[in-house]
Amino acid sequence: MAGYVPVIGLEIHAELLTHSKVFCTCSAEFGGDTNSRCCPVCSGLPGTLPVINETAVEYAVKAGFALGCDINKFSVFDRKNYFYPDLPKAYQISQLNLPLCINGLVPVEYEKDGVKTTHDIRINRIHLEEDAGKLTHNDLEGVSLADYNRCGIPLIEIVTEPDIGSAEEAKAFVEKIALLLKYAGVCDCKMEQGSLRCDVNISLKKPTDTVLGTRAEIKNLNSIKAIGRAIEFEIYRQAKALDMGQRIVQETRRFDDNRGETRSMRSKENANDYRYFPEPDILQVNMTDEQLMSIRSDMPEMPDKRLIRYTENFALSETDAKIIINEKTISDFFDDSVAAYNNPKAIANFIISEMLRRINLGEISLDDIKFSPVNFAKIIEMAETEKINKSNAKDVFRALIDKPEIDSEKLAKDLGFIIETDMAKVIDVIAGVISANETAVTQYRNGEVKVFGFLMGQCSKALKGVATSKQIKEELEKMLKN
């Protein structure tokens, strides 16, 4: 295997977040009862006419901008003809020679064998098309059923150049694409629901070869892990075959996740096998400079720019900034929290150490954060201004998760965490702790400083809500010297 160079290209299919389908008014929402979200248009009944969804075109252009593409001001739709039970029309409305977006570039950072690498991946094209339906197989009864709810969902296909050289790079690229599409607001990229799927084209060549090898296409990979495993197995399979003097066949394969191997499905079709021809029922798409400028101006701040702002303006470490940027929901929440309390480092630390932990534990839904950034920021502000102890801030946050509609300061008061300094009581309590722990006090005064933590704990426990940790520490140190 060491004697071969993998050459990998990806085709990423991303469903767009429009309310209705791309050529009819049926709901594009995920799920629903079987065949409850389809009409004569998307189920392919004779005599029906498609009408283009302008929002789908706009979202495809946004994806193009997010991936550094040029936008074609003139593009057309084509019919891609093939027969399969999940495609009731027996053709798919797609784009061939004149897609919406071309010539993109996406920088990817990944790690292989402990070495961090940055590589630019070229985007050949992004075209808009309709999704097919879904087949459900019952192997026990030998029956396959078709659900056409997904037929006509607006889909973009992102086609790369064969610039990828490893499973690690491919996985990093798909993760980067998902991040960019989520930031652009055009796709939720939920691979478990099928809204982001990936086909992998892979071939091997010798380092000195000038011609690429014969490629195999692995269809419909629906997780980052599956993409990596499928590529690694296919590299092994093709290398082994070449070493044995066998010829690689151009074919379409599927990945068996249980066995961790790819299996042949059919011979690989070329474009002419689909008998593409211009779609006669849909006019060409003409984009003006004004329309493109309007779409571009509506684009949110993308991850790379946020990284610069977080590290330069907010002085966050690059590691912390990347953790926050990795989810647009968290990044937006962070920005709103900083707007409420201008302490980016403290807010970032609490998000990373506490909020993300609660999300990972399933206590907070990333898709539906109930509490407001203002209420969240108020907890950090109370801790930083020593209105509450920092250790108690976590307890207030847990209470906020359960009661997101209640003001966090009121929650802190109800829990008895608001500190109202009473120095007379502080002195009295510390004196009592010193008197009750003569042995520990003697050890401390004889140089055993580690017992200070014990004495501090006793004082903090007794002075909960009376003074800050700093005040208790300073007073305890002073009294122990006397």
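The values are calculated or read from the model by the stated rules, or taken from the named source; none is laboratory data. The model shown is predicted, which means the values in this text are computed figures rather than measured ones. Neighbour counts are summed over all protein chains in view; Cβ atoms, including those assigned to glycine, are modelled from backbone coordinates with ideal geometry.
The condition of being at pLDDT 95 or above, among the polar types (S, T, N, Q) and farther than 24 Å from residue 296 by Cβ holds for only one of 94, 144, that being 94.
Of these, 75, 43, which one is surrounded by fewer than 21 Cβ atoms within 10 Å (Cβ to Cβ) and farther than 23 Å from residue 183 by Cβ? Spell out the reasoning first.
Working: 75 fails: surrounded by fewer than 21 Cβ atoms within 10 Å (Cβ to Cβ).
That would be 43, the only listed residue that is surrounded by fewer than 21 Cβ atoms within 10 Å (Cβ to Cβ) and farther than 23 Å from residue 183 by Cβ.
Among the residues of segment 46-71, how many are surrounded by fewer than 22 Cβ atoms within 10 Å (Cβ to Cβ), in contact (Cβ under 8 Å) with a residue 60 or more places away in the chain, within 22 Å of residue 105 (Cα to Cα) and out of contact with any helix residue (DSSP H, G or I) (no Cβ under 9 Å at 6 or more places or on another chain)? Number of matching residues: 1.
Considering segment 442-455, the residues that are in contact (Cβ under 8 Å) with a residue 12 or more places away in the chain and over 11 Å from residue 476 (Cα atoms) include one that is surrounded by the most Cβ atoms within 10 Å (Cβ to Cβ), namely 444. Just to be sure, is residue 99 at pLDDT 95 or above, part of a strand (DSSP E or B) and either not hydroxyl-bearing (Ser, Thr, Tyr) or not assigned by TED's automatic domain parsing to the domain that holds residue 164 (or both)? Judged against the criteria, residue 99 is not a match. Keeping to segment 111-129, report how many residues are surrounded by 20 or more Cβ atoms within 10 Å (Cβ to Cβ) and either more than 23 Å from the chain's Cα centre (by Cα) or not aliphatic (A, V, I, L, M) (or both). Matching residues across segment 111-129 total 3.
It is to be established whether one or more residues within segment 178-194 are at positive phi, touching a Ser or Thr at 6+ places or on another chain (Cβ under 8 Å), surrounded by 19 or more Cβ atoms within 10 Å (Cβ to Cβ) and not in a helix (DSSP H, G or I). I'd like the intermediate steps shown before the answer.
Initial filter on segment 178-194 (at positive phi): 185, 189, 194.
Checking which are touching a Ser or Thr at 6+ places or on another chain (Cβ under 8 Å) leaves us with 189.
Narrowing the set further to residues that are surrounded by 19 or more Cβ atoms within 10 Å (Cβ to Cβ) leaves 189.
Adding the requirement that they be not in a helix (DSSP H, G or I) leaves 189.
Yes.
Does residue 178 satisfy the condition of being farther than 30 Å from residue 207 by Cβ, of a type in the set (Gly, Ala, Ser) and modelled with pLDDT of 95 or more? Can you show your working first?
Working: farther than 30 Å from residue 207 by Cβ: yes; of a type in the set (Gly, Ala, Ser): yes; modelled with pLDDT of 95 or more: yes.
Spelling it out, residue 178 is indeed farther than 30 Å from residue 207 by Cβ, of a type in the set (Gly, Ala, Ser) and modelled with pLDDT of 95 or more.
Just one of the numbered conditions (1) at pLDDT below 95; (2) assigned to a helix (DSSP H, G or I); (3) surrounded by 14 or more Cβ atoms within 10 Å (Cβ to Cβ); (4) among the basic types (Lys, Arg) is not true of residue 387: (2).
Just one of the listed residues (147, 139) is surrounded by fewer than 16 Cβ atoms within 10 Å (Cβ to Cβ) and out of contact with any helix residue (DSSP H, G or I) (no Cβ under 8 Å at 6 or more places or on another chain), and it is 139.
If you check residue 43 against the conditions, is it small (Gly, Ala, Ser), in contact (Cβ under 8 Å) with a residue 60 or more places away in the chain and in the same structural domain as residue 195 (by TED's automatic domain parsing)?
Details: small (Gly, Ala, Ser): yes; in contact (Cβ under 8 Å) with a residue 60 or more places away in the chain: yes; in the same structural domain as residue 195 (by TED's automatic domain parsing): yes.
Yes, satisfied.
Selection of segment 390-422 for residues being small (Gly, Ala, Ser) and either under 18 Å from residue 356 (Cα atoms) or surrounded by fewer than 18 Cβ atoms within 10 Å (Cβ to Cβ) (or both) yields 391, 393, 399, 416.
Residue 226 - would you say it is in the same structural domain as residue 38 (by TED's automatic domain parsing) and either hydroxyl-bearing (Ser, Thr, Tyr) or within 20 Å of residue 9 (Cα to Cα) (or both)? Working first, answer last.
Working: in the same structural domain as residue 38 (by TED's automatic domain parsing): yes; either hydroxyl-bearing (Ser, Thr, Tyr) or within 20 Å of residue 9 (Cα to Cα) (or both): yes.
So residue 226 fits the description; yes.
Keeping to segment 356-384, report how many residues are in a helix (DSSP H, G or I) and of a type outside the set (Asp, Glu). Let's see the steps before the verdict.
Taking segment 356-384 and keeping what is in a helix (DSSP H, G or I), we get 356-360, 373-384.
Filter once more, so that each one left must be of a type outside the set (Asp, Glu): 356-360, 373-380, 382-383.
The total comes to 15.
Just one residue in the set 372, 353 is closer than 23 Å to residue 316 by Cβ, touching a residue at least 12 places away in the same chain (Cβ under 8 Å) and among the hydroxyl-bearing types (Ser, Thr, Tyr); that residue is 372.
Among helices (runs of 4 or more DSSP H) lying entirely in segment 315-355, which contain 3 or more residues that are within 25 Å of residue 175 (Cα to Cα) and β-branched (Val, Ile, Thr)? Talk me through it step by step, then tell me what you get.
Numbers: elements: 318-325, 328-340, 344-350.
The helices (runs of 4 or more DSSP H) meeting that bar are 318-325.
What do you reckon, is residue 296 among the basic types (Lys, Arg), under 30 Å from residue 130 (Cβ atoms) and under 26 Å from the mean Cα position of the chain (by Cα)? Quick ask: steps written out before the conclusion?
Values: among the basic types (Lys, Arg): yes; under 30 Å from residue 130 (Cβ atoms): yes; under 26 Å from the mean Cα position of the chain (by Cα): yes.
So residue 296 passes the test.
Looking only at residues in segment 251-283 that are over 33 Å from the mean Cα position of the chain (by Cα) and assigned to a loop (DSSP other than H, G, I, E, B), the one that is nearest to residue 78 (Cα to Cα) is 279. Each residue in segment 136-162 was checked for being without any contact (Cβ under 8 Å) to a residue 24 or more places away in the chain and farther than 20 Å from residue 84 by Cβ, and 2 of them qualify.
Taking each residue of segment 237-248 that is in the same structural domain as residue 202 (by TED's automatic domain parsing) and looking for partners that are charged (D, E, K, R) and surrounded by 11 or more Cβ atoms within 10 Å (Cβ to Cβ) with beta-carbon atoms closer than 6 Å, six or more apart or interchain, yields nothing.
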